[in-house]
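As structure tokens, the structure follows; a few thoughts come after it.
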Amino acid sequence: MTAPTDHTDATDPAQVDQAQSNGNLSQGRTLISVDAMGGDEGPAAVVAGCSLSAKINPDIAFILHGDEAQLAPLVQRDPHLGGRCDIRHASGVVSMDDKPSHVVRTGKDTSMWATVESVRSGESAVAVSCGNTGALMAISTIRLRKLPGVNRPAIAVLYPSANKNGFNVMLDVGADIRADAEDLLRFALMGASYARNGMDLKKPRVGLLNVGTEEHKGRAELKEAYDLIRAQEMEVGYDFVGFVEGGDISGDKVDVIVTDGFTGNVAIKTGEGTAKLVGLRLREAFKYSVLSKLASLLAYTSLRRLSVKIDPRRVNGGVFLGLNGTVVKSHGSADATGVSAAIKLAAQLAQNQFNERLAARIAATLPVEESPE
């Protein structure tokens, strides 16, 4: 297995052709690097998602990483990807069961590694993958490196809420199960920046997740984080609402929920499970009798509207924050609609120069500490 090189030899004809191909491909478009082999639904769903995005957004183009023998027929017969998609062959695939440490040691020939490497080299603006979250975070952290001033990266997701725009930002939801007070402050800064650039909120409301809203409640690091986040409120330009509870995650009190990765991951998966249970019970109720079946027909339009509004596929995509490059993690089970939603988010962040703004904010706000090698 050969590791990718860090430098381009301009005298290599193959690399010159590739550079020319990229120039023709981009033509002023945002170039998105996509792991076509990650995810449960396989490359067909990923290519279909790229097609949906290309149809809607003429300002994006793709580099697809994966098995060329599988990808080429899918791309060639798609009318929306012609001239806007370059295939890069990668023989290896990171499975959902692979350990991140193993992938880091042996995965340099995989589609996931190549996807992140394209962002590292500056060739692509952002990376998208449906693959193994732990492996993707490990590769991204090693290849892209953390932003100066960031101790732990975080994964931010959009969570359905009663807010006017329909969602809250929540982080961390699983990048690392630990977080001290300084980490939680950084999460607050990154989450506020994400809300401004990804949701167009000028002054996002930030809350710190706790077991109660009273200031005396919670672990010591939460109380310390409370003071740190409060101290940066005016300088950074967010509105710190203080401690919030689990019920506020889907409420309208706050725009950004800050927590550690363990708590955040449990919270979002509990929410997903509850939503599925409610949907199951609702379908059972409408099948209970002839009258209930009739009621379901009369309520079809309203139920359809509700289904679309809370459809998790349409807000699919967790963003890795705190790295020297933007990476969007799509759900592993995402279909074409879900992949398209992740690509839409990736393109929006890239076009808003989100990572550059985030890096500038962190550099201006926090002291940079030397990271041990």
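Can we say residue 135 is free of Cβ contacts under 8 Å to residues at least 60 places away in the same chain, among the aliphatic types (A, V, I, L, M) and buried (at least 23 other Cβ atoms within 10 Å of the Cβ)? Yes; evaluated as a whole, the condition is true for this residue.
Answer yes or no: is there a residue in the range 91-111 that is modelled with pLDDT of 90 or more, within 25 Å of residue 57 (Cα to Cα) and either assigned by TED's automatic domain parsing to the domain that holds residue 330 or buried (at least 17 other Cβ atoms within 10 Å of the Cβ) (or both). Yes, because at least one residue in the range 91-111 is modelled with pLDDT of 90 or more, within 25 Å of residue 57 (Cα to Cα) and either assigned by TED's automatic domain parsing to the domain that holds residue 330 or buried (at least 17 other Cβ atoms within 10 Å of the Cβ) (or both).
Taken over the range 93-103, the criterion of being in contact with a helix residue (DSSP H, G or I) (Cβ under 8 Å, 6 or more places away or on another chain) and in contact (Cβ under 8 Å) with a residue 40 or more places away in the chain is satisfied by 93, 94. Counting just the residues of the range 186-203 that are surrounded by fewer than 24 Cβ atoms within 10 Å (Cβ to Cβ) and in contact with an Asp or Glu (Cβ under 9 Å, 6 or more places away or on another chain), which one comes out modelled with the highest pLDDT? Ranking the candidates gives 203 first.
Taking each residue of the range 243-265 that is assigned by TED's automatic domain parsing to the domain that holds residue 228 and looking for partners that are surrounded by fewer than 18 Cβ atoms within 10 Å (Cβ to Cβ) and modelled with pLDDT of 90 or more with beta-carbon atoms closer than 6 Å, six or more apart or interchain, yields 254/241. Evaluation of residue 169 against the conditions (1) in contact with a Pro (Cβ under 9 Å, 6 or more places away or on another chain); (2) not assigned by TED's automatic domain parsing to the domain that holds residue 254 shows that the sole unmet condition is (2). Screening the range 55-90 for residues that are of a type outside the set (Val, Ile, Thr) and under 21 Å from the mean Cα position of the chain (by Cα) and picking the one that is surrounded by the fewest Cβ atoms within 10 Å (Cβ to Cβ) gives 59. Screening 86, 67, 109 for residues that are over 28 Å from residue 324 (Cβ atoms) and touching a strand residue (DSSP E or B) at 6+ places or on another chain (Cβ under 8 Å) leaves exactly one candidate, 67. Of the helices (runs of 4 or more DSSP H) lying entirely inside the range 247-363, the ones with 2 or more residues being at pLDDT 80 or above and either more than 19 Å from the chain's Cα centre (by Cα) or within 27 Å of residue 209 (Cα to Cα) (or both) are found at 261-286, 336-351.
The values are calculated or read from the model by the stated rules, or taken from the named source; none is laboratory data. The structure presented is a predicted model; accordingly, all values stated were derived computationally and were not measured. As a convention, Cβ positions derive from the backbone with ideal geometry for all residues, glycine included, and neighbour counts pool all protein chains shown.
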